[in-house]
Amino acid sequence: MSVSDYWNPKFETCSKEELRALQLAKLRRHVDWAWNMSPYHRRLYAEVGVEPGDIRSLDDIRRLPFMTREDWMAVQSEQPPFGDLLTQPRERAIRYHLTSGTSGRRPLRVLDGPKDWQWISECWAYGFWAMGVRPEDTVFFAFSYGSFIGFWGAHYCCEKIGALVIPSGNMTTENRVRQIAEMEVTTVCATPTYAIRMALEAEKLGIDLAASKVSKLIVSGEPAGSIPATKRLLEEKWGAKCADTAGMTEIGTIMMFECSHQPGGAHIIEDHFIEEVLDPDTLEPVPYGEMGERVVTSFGRGFIPLIRYRTSDFVVKVPHDRCRCGRVFDIYDGGIRGRVDDMLLIRGTNVYPRAIEAIVREYREIDEFQIRVWKTAEHVDEITVRVEFVPDWHGYREGLMQTLAADLKRNHEGLRINVEEAEAGSLPRFELKAKRLVDDRPKA
């Protein structure tokens, strides 16, 4: 495969009619594969009376039952370690990964075969090529290369493109920053939170990242990559364009990427996925421009088919012509807006951690923050945002916290959200997905 294949006019700029025909052909083939090879899927479809031949149009996807994380965990618990989802003997697998275990849930176990892994890296190549990564680039991966899938596929995509890859493994943040400067890195991959942390470390070391060779910052793993205030902060500190991507261990790879035109959202890789946006209560489709839950069907992973998987991600889909790049792939405006299971109900008001971060990141004087929820002795829910100020900032802290509290209240229907200062260095720092929410309320 040549590097020119990563800009694929055959699919990325085909007509919508051709794209839908391709999706239907892949859907029918994938459902047939799952039915014949995965005991779990055959049982799931038999329960609702659906067979592969019943899928004659894209609308027929709605005849298929959903997959959920809870169902996946249940079959893995009943038949450890992988349940009966596998389509091939585990001996044919070449990769093993775990979900990150966010939201306090038990991680899922995933296997991939050689074809799966080739597909995973090629989907990453869509995003990296779209953002301008080329063979002459030097790409630095600031993550730990553990069992969490993270940027593993992106590493191999850069090798396919022909770029020089620098894995940082278990380096300290200081050593990573120094190597980025010394090796004249042009592209850095990290979570948004860790990219901020590296920028602050560079400032302490006297390294001017904005004057370095870094021109592209590709982030993933958190909704913050599409929060305008966070993106502005990152672009200012790194002197580079910041592009958001998103994927899931369950999918195996990214399913959306932000191109170099940066249209305020990320393109869906629609020749490899069907992305439905449904009302999470009625499970009916919502139109362009309305928020709903992502339900994803992935065509590339054969070891564990993923068909109509409820992701719990909130998204807003808009037409492809929002962007001038020429791709026919629709866009998730603002990337991943949040998660169904991240929503907090505080005294009758819905609160999303992403919305809080969008406000906090407008304050450059704040280094790190944490959201704490608890219940008072009178059984009233309270929420506090704890903030650490950047080192050596000696402004009027009480006044800034009052202003932040007013901003939070104004953007949350008048809900009082407390703001308090945390001792310098007391809040946790993160390399992978940040876990800034601490919910101390008694569990039901």
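The values are calculated or read from the model by the stated rules, or taken from the named source; none is laboratory data. These numbers come from a predicted model, not from an experiment. Don't worry about glycine lacking a Cβ; one is built from the backbone with ideal geometry, like all the others, and counts go over all protein chains shown.
Checking TYR145 against (1) in contact with a His (Cβ under 9 Å, 6 or more places away or on another chain); (2) on the phi < 0 side of the Ramachandran plot, only one condition comes out false. Which one?
Among (1) in contact with a His (Cβ under 9 Å, 6 or more places away or on another chain); (2) on the phi < 0 side of the Ramachandran plot, the lone unmet condition for TYR145 is (2).
Can you pull out every residue in the range 65-101 that is of a type in the set (A, V, I, L, M), surrounded by 13 or more Cβ atoms within 10 Å (Cβ to Cβ) and in contact with an Asp or Glu (Cβ under 9 Å, 6 or more places away or on another chain)?
Residues of the range 65-101 of a type in the set (A, V, I, L, M): 67, 73-75, 85-86, 93-94, 98.
Those left that are additionally surrounded by 13 or more Cβ atoms within 10 Å (Cβ to Cβ): 67, 73, 75, 85-86, 93, 98.
Matches in the range 65-101: MET67, VAL75, ALA93.
Under 7 Å by Cβ, and 6 or more places apart or on different chains, what pairs join a residue from the range 13-25 that is among the aliphatic types (A, V, I, L, M) with one that is surrounded by fewer than 13 Cβ atoms within 10 Å (Cβ to Cβ)?
LEU24/SER57
Against the condition within 30 Å of TRP72 (Cβ to Cβ) and touching a Lys or Arg at 6+ places or on another chain (Cβ under 7 Å), how does GLU270 come out, does it pass?
Against the criterion (within 30 Å of TRP72 (Cβ to Cβ) and touching a Lys or Arg at 6+ places or on another chain (Cβ under 7 Å)), GLU270 does not qualify.
Residue by residue through the range 289-303, note down the ones that are more than 20 Å from the chain's Cα centre (by Cα) and buried (at least 23 other Cβ atoms within 10 Å of the Cβ).
PHE303
So that you can scan it fast, the table gives a plain yes or no per residue for (1) touching a Pro at 6+ places or on another chain (Cβ under 7 Å); (2) touching a residue at least 12 places away in the same chain (Cβ under 8 Å); (3) within 25 Å of GLY338 (Cβ to Cβ):
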position	(1), (2), (3)
GLY153	no, yes, yes
LEU164	no, yes, no
THR193	no, yes, yes
ILE196	no, yes, yes
ALA202	no, yes, no
ILE207	no, yes, no
SER215	no, yes, no
GLY225	yes, yes, yes
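Of the numbered conditions (1) modelled with pLDDT under 95; (2) closer than 18 Å to ALA266 by Cβ; (3) of a type outside the set (D, E, K, R), VAL133 satisfies every one except a single condition; which is it?
Looking at each condition in turn, VAL133 falls short on (1).
Please work out which one of (1) aliphatic (A, V, I, L, M); (2) surrounded by 23 or more Cβ atoms within 10 Å (Cβ to Cβ); (3) within 29 Å of ASP341 (Cβ to Cβ) is the condition VAL177 fails and give its number.
Of everything listed in (1) aliphatic (A, V, I, L, M); (2) surrounded by 23 or more Cβ atoms within 10 Å (Cβ to Cβ); (3) within 29 Å of ASP341 (Cβ to Cβ), VAL177 misses just condition (3).
Take the residues in the range 37-60 that are loosely packed, with under 12 Cβ neighbours inside 10 Å and charged (D, E, K, R), then tell me which one is farthest from SER298 (Cα to Cα).
Ranking the candidates gives GLU47 first.
Looking only at the range 426-444, which residues are more than 24 Å from VAL219 (Cβ to Cβ) and not polar (S, T, N, Q)? Break it down stepwise before answering.
Filtering the range 426-444 down to residues more than 24 Å from VAL219 (Cβ to Cβ) leaves 426, 439-444.
Answer for the range 426-444, where residues must be more than 24 Å from VAL219 (Cβ to Cβ) and not polar (S, T, N, Q): ASP439, ASP440, ARG441, PRO442, LYS443, ALA444.
What about ALA34, is it of a type in the set (A, V, I, L, M, F, W, C), part of a helix (DSSP H, G or I) and surrounded by 18 or more Cβ atoms within 10 Å (Cβ to Cβ)? Break it down into steps so the answer makes sense when it comes.
Numbers: of a type in the set (A, V, I, L, M, F, W, C): yes; part of a helix (DSSP H, G or I): yes; surrounded by 18 or more Cβ atoms within 10 Å (Cβ to Cβ): yes.
Against the criterion (of a type in the set (A, V, I, L, M, F, W, C), part of a helix (DSSP H, G or I) and surrounded by 18 or more Cβ atoms within 10 Å (Cβ to Cβ)), ALA34 qualifies.
Can you find a residue that is of a type outside the set (Lys, Arg) and in contact with a helix residue (DSSP H, G or I) (Cβ under 6 Å, 6 or more places away or on another chain) anywhere in the range 392-404? Give the derivation first.
Taking the range 392-404 first, the residues of a type outside the set (Lys, Arg) are 392-396, 398-404.
Applying the additional criterion that residues be in contact with a helix residue (DSSP H, G or I) (Cβ under 6 Å, 6 or more places away or on another chain) yields none.
No: zero hits.
Which fully enclosed strands (runs of 3 or more DSSP E) of the range 53-163 have 1 or more residues being among the β-branched types (Val, Ile, Thr)? Working first, answer last.
Working: elements: 95-98, 109-112, 138-141.
So the answer is 109-112, 138-141.
Going by the structure shown, is LYS26 modelled with pLDDT of 95 or more, more than 30 Å from GLU78 (Cα to Cα) and either within 29 Å of the chain's Cα centre (by Cα) or not in a helix (DSSP H, G or I) (or both)?
Details: modelled with pLDDT of 95 or more: yes; more than 30 Å from GLU78 (Cα to Cα): yes; either within 29 Å of the chain's Cα centre (by Cα) or not in a helix (DSSP H, G or I) (or both): yes.
Spelling it out, LYS26 is indeed modelled with pLDDT of 95 or more, more than 30 Å from GLU78 (Cα to Cα) and either within 29 Å of the chain's Cα centre (by Cα) or not in a helix (DSSP H, G or I) (or both).
Out of LEU408, LEU400, LEU404, LEU432, which single residue is aliphatic (A, V, I, L, M) and assigned to a loop (DSSP other than H, G, I, E, B)? If you could, list the steps in order and put the result at the bottom.
On the way: LEU408 fails: assigned to a loop (DSSP other than H, G, I, E, B); LEU400 fails: assigned to a loop (DSSP other than H, G, I, E, B); LEU404 fails: assigned to a loop (DSSP other than H, G, I, E, B).
LEU432 is the lone residue from the list that is aliphatic (A, V, I, L, M) and assigned to a loop (DSSP other than H, G, I, E, B).
Looking at the range 321-332, which of the residues that are buried (at least 20 other Cβ atoms within 10 Å of the Cβ) and of a type outside the set (A, V, I, L, M, F, W, C) is farthest from VAL277 (Cα to Cα)?
Taking the candidates together, the pick is ARG327.
Please work out which residue is modelled with the highest pLDDT, limiting yourself to the range 180-197 and to residues that are outside any strand (DSSP E or B) and either polar (S, T, N, Q) or more than 20 Å from THR138 (Cβ to Cβ) (or both). Walk me through how you get there before you give the answer.
To start, the set of residues in the range 180-197 that are outside any strand (DSSP E or B) comprises 180-186, 191-197.
Narrowing the set further to residues that are either polar (S, T, N, Q) or more than 20 Å from THR138 (Cβ to Cβ) (or both) leaves 186, 191-193, 196-197.
Details: THR186: 98, THR191: 91, PRO192: 91, THR193: 89, ILE196: 91, ARG197: 90.
The residue in question is THR186.
Determine, yes or no, whether ARG386 is surrounded by 13 or more Cβ atoms within 10 Å (Cβ to Cβ), touching a helix residue (DSSP H, G or I) at 6+ places or on another chain (Cβ under 6 Å) and under 14 Å from LEU408 (Cα atoms).
On the way: surrounded by 13 or more Cβ atoms within 10 Å (Cβ to Cβ): yes; touching a helix residue (DSSP H, G or I) at 6+ places or on another chain (Cβ under 6 Å): no; under 14 Å from LEU408 (Cα atoms): yes.
No; evaluated as a whole, the condition is false for this residue.
Among the residues of the range 137-145, are any exposed (fewer than 14 other Cβ atoms within 10 Å of the Cβ) and more than 18 Å from the chain's Cα centre (by Cα)?
Kept after step one, since they are exposed (fewer than 14 other Cβ atoms within 10 Å of the Cβ), are these residues of the range 137-145: none.
No: zero hits.
Do you know which residues across the range 378-418 are aliphatic (A, V, I, L, M) and over 15 Å from ALA355 (Cα atoms)? Lay out the reasoning, then the answer.
Initial filter on the range 378-418 (aliphatic (A, V, I, L, M)): 380, 383, 385, 387, 390, 400-401, 404-406, 408, 415, 417.
Those that are aliphatic (A, V, I, L, M) and over 15 Å from ALA355 (Cα atoms): VAL380, VAL387, VAL390, LEU400, MET401.
For the range 308-354, which fully contained strands (runs of 3 or more DSSP E) count at least 2 residues that are farther than 22 Å from VAL385 by Cβ and in contact (Cβ under 8 Å) with a residue 40 or more places away in the chain? Step through it out loud before you land on a result.
Details: elements: 331-333, 344-346, 349-351.
So the answer is 331-333.
For the range 257-272, enumerate the residues that are assigned to a strand (DSSP E or B) and over 11 Å from ASP330 (Cβ atoms).
Going residue by residue through the range 257-272, those that are assigned to a strand (DSSP E or B) are 257, 265-268.
PHE257, the sole residue that qualifies.
Filter the range 217-250 for residues that are in contact with a Phe, Trp or Tyr (Cβ under 8 Å, 6 or more places away or on another chain), part of a loop (DSSP other than H, G, I, E, B) and not polar (S, T, N, Q) and give the result.
GLU250
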